[in-house]
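The values are calculated or read from the model by the stated rules, or taken from the named source; none is laboratory data. In this text, all values refer to a predicted model and were calculated from it rather than measured experimentally. All Cβ positions, even for glycine, are placed from backbone atoms using ideal geometry, and neighbour counts span all protein chains on display.
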Amino acid sequence: MPTAIHVEVMPARLGDCLLVECPRADGTTWRMLVDGGPPDTWPLLEARLRRLAPEDRHIDVAVVTHIDSDHIGGMLPFLASDLADDVGDFWFNGRTHLAEGPSGRSRSVAQGESLVAALLGATEDPLVSGTAAASDGRTLPWNTAFGGGPVETGDSGGFVEVAVPEGPAITVLSPTTQRLERLADTWEASLREALHGRERDRGAELDVLGPLDDLRHLADERSPRDSSVPNGSSIALLVEHRGASVVLGADAYGSVLAAALRGLARARGAQALSVDALKLPHHASRGNVVGELVAAAPASHYLVSTNGDVFHHPDDAALARVVLDAPAGPTLWFNYRTPRTERWRDARLTERHGHRAAYPDPEHADAGIVLDLPARP
Ligand SMILES: [Zn+2]
C-alpha cells in the first residue's frame, strides 16, 4: 500500500523535532514541522529542509508546541531563516492567547503582530513589539487556521477538528483552555527560562539503570504527575490521512491527552481510539505516559524522542506501561540508541512481552526514526 503518513523523529538530543508528510493524490506533499529541538538541532534541521526539492519545499504548518528550550531552541533560527517564508501557517500559543486579562485583551493575534517578537518576549509593550516586528521585516502567518485565536480544546475531554484544505484531518487534543490560562501566571518566567535558561546541570548525574525483570511492578508505581506549566500548555495533535493515524503528544499531560482521546472515541461511537502511531508525550516520561493514556489510544507504534540528556528519559515505568498494556506486539521506536533504550531489545524481554524495539539506521543516524504508515482502504 502507498504511504499515507511519513513521520521523521529527528535526533534532537533531549528535545523534539518532527517532520510529518502526507502525500496528496496530485503528487504534491502536505508537510508539517513540529518543534525545532534545542538550539544545537538547527544545523541538522536546516540541512534536512534544504534537502527538500526546491519546487516542493512548502511547509503547510509549523507548530511550536510550547515554550521550552528543547522545543523552541531550533525554531528561533528557523523563523529567522528564509525557510520560514515557505510556511503556510504557524501554530503557537503566545502571550496574546492566554486569557482575557483585566485589560480586556483580545485572545486573537492583532493585525501585524509578530510571531517572532512574541517568541522573543517583546509583545507586552506595543512600542517594542512594533520595533521587533519592523526589524524582522515580515509578518508570518500565525494561527490563521484558528482565526488568529488560540490553539486549544476548550474544556477537559474536548477536542477541536481543524479544516485543512487538501490535507490530512487534524484534531487538537491539548491544551485545554484551563491549562493555557495557567501559563499566563508564569509566562514571563517560563519564556525567559526557555530562551536563556541553561540545561540544568543534572547531566553529570550518573544514569543508574534499574532492572527490567518485573515490568508490572514498574508499570504500577505511583509516578508523580508532570506539573510543569509550559508542558501542560503543549499543543498535541492527531493527524489522520487515508486511513492512517498518528498522535503527536508533544510534552502534554497524559490525563489531558487521554480525556481528549476518550472524548473523540465517544464521538465516533468507539470504546477507544485505535491509532497507528503515538509519539509518547514528554520524551516518554513516567509522569506523562500514564496507564489511562495507553488505554485511550492503543497503538501499534510508539515513538520516543530523547537521547537521555539531563533528565535520563525515557523512563522505564513509562515504557513498561506501553509494553504491558498496548495491544499485542507494539514496536517501540527510539530516535537514539543509548544504554537506556538498548535494553528494550533484550531477547528475553521481547520474547516474554511480544514487543519489538527499533532504532535509527546506524548508517544514517542523523535521520533519526523514519516511519511510513501505509494507507488503508
Ligand atoms: Zn520537551
remark   = (1) more than 21 Å from Asn93 (Cα to Cα); (2) surrounded by 24 or more Cβ atoms within 10 Å (Cβ to Cβ) all hold for Gln271 apart from (2)
request  = Would you be able to tell me the number of residues in region 48-69 that are in contact (Cβ under 8 Å) with a residue 12 or more places away in the chain, farther than 16 Å from Leu248 by Cα and not in a loop (DSSP other than H, G, I, E, B)?
outcome  = 7
remark   = Turns out the helices (runs of 4 or more DSSP H) fully within region 142-247 with at least 3 residues that are without any contact (Cβ under 8 Å) to a residue 24 or more places away in the chain and touching a strand residue (DSSP E or B) at 6+ places or on another chain (Cβ under 6 Å) are none
request  = Only residues that are in a loop (DSSP other than H, G, I, E, B), in contact (Cβ under 8 Å) with a residue 40 or more places away in the chain and either within 16 Å of the ligand (Cβ to nearest atom) or surrounded by 24 or more Cβ atoms within 10 Å (Cβ to Cβ) (or both): list them for region 8-37, please.
outcome  = Met10, Pro11, Ala12, Arg13, Leu14, Gly15, Asp16, Cys17, Asp35, Gly36
ask   = Does Leu264 fit the bill of being touching a strand residue (DSSP E or B) at 6+ places or on another chain (Cβ under 8 Å), surrounded by fewer than 23 Cβ atoms within 10 Å (Cβ to Cβ), among the aliphatic types (A, V, I, L, M) and closer than 28 Å to Glu152 by Cβ?
value = yes
message = Take Pro43 and tell me if it is more than 16 Å from the ligand (Cβ to nearest atom), out of contact with any Leu (no Cβ under 6 Å at 6 or more places or on another chain) and at pLDDT 95 or above.
response = yes
query = Of the numbered conditions (1) within 17 Å of Val208 (Cβ to Cβ); (2) without any contact (Cβ under 8 Å) to a residue 40 or more places away in the chain, Val294 satisfies every one except a single condition; which is it?
reply = (1)
task = Being surrounded by 22 or more Cβ atoms within 10 Å (Cβ to Cβ) and among the β-branched types (Val, Ile, Thr) is the filter here, so list the residues in region 214-259 that pass it.
result = Ile235, Val239, Val246, Val247, Val256
query = hydrophobic (A, V, I, L, M, F, W, C) and assigned to a loop (DSSP other than H, G, I, E, B): does that describe Ala84?
reply = no
task = Among residues belonging to region 61-97 that are in contact with a helix residue (DSSP H, G or I) (Cβ under 6 Å, 6 or more places away or on another chain) and among the acidic types (Asp, Glu), point out the one that is nearest to the ligand (Cβ to nearest atom).
result = Asp68
task = Answer yes or no: is there a residue in region 312-321 that is free of Cβ contacts under 8 Å to residues at least 24 places away in the same chain, outside any loop (DSSP other than H, G, I, E, B), over 22 Å from Asp366 (Cβ atoms) and basic (Lys, Arg).
result = no
query = Only one residue in Pro327, Pro298 is surrounded by fewer than 24 Cβ atoms within 10 Å (Cβ to Cβ) and at pLDDT 95 or above. Which one?
reply = Pro298
ask   = Can you name every residue in region 337-360 that is closer than 15 Å to Tyr302 by Cβ and in a loop (DSSP other than H, G, I, E, B)?
value = Gly354, His355, Tyr359
message = Checking the structure you have, find out if any residue of region 38-49 is within 20 Å of Ser174 (Cβ to Cβ) and within 15 Å of the chain's Cα centre (by Cα).
response = no
ask   = Considering region 38-61 alone, what residues qualify as being more than 20 Å from Gly88 (Cβ to Cβ) and surrounded by 12 or more Cβ atoms within 10 Å (Cβ to Cβ)?
value = Pro38, Pro39, Asp40, Thr41, Trp42, Leu44
request  = Residues being modelled with pLDDT of 95 or more, more than 16 Å from the ligand (Cβ to nearest atom) and of a type outside the set (A, V, I, L, M, F, W, C): count how many of those fall in region 268-283.
outcome  = 4
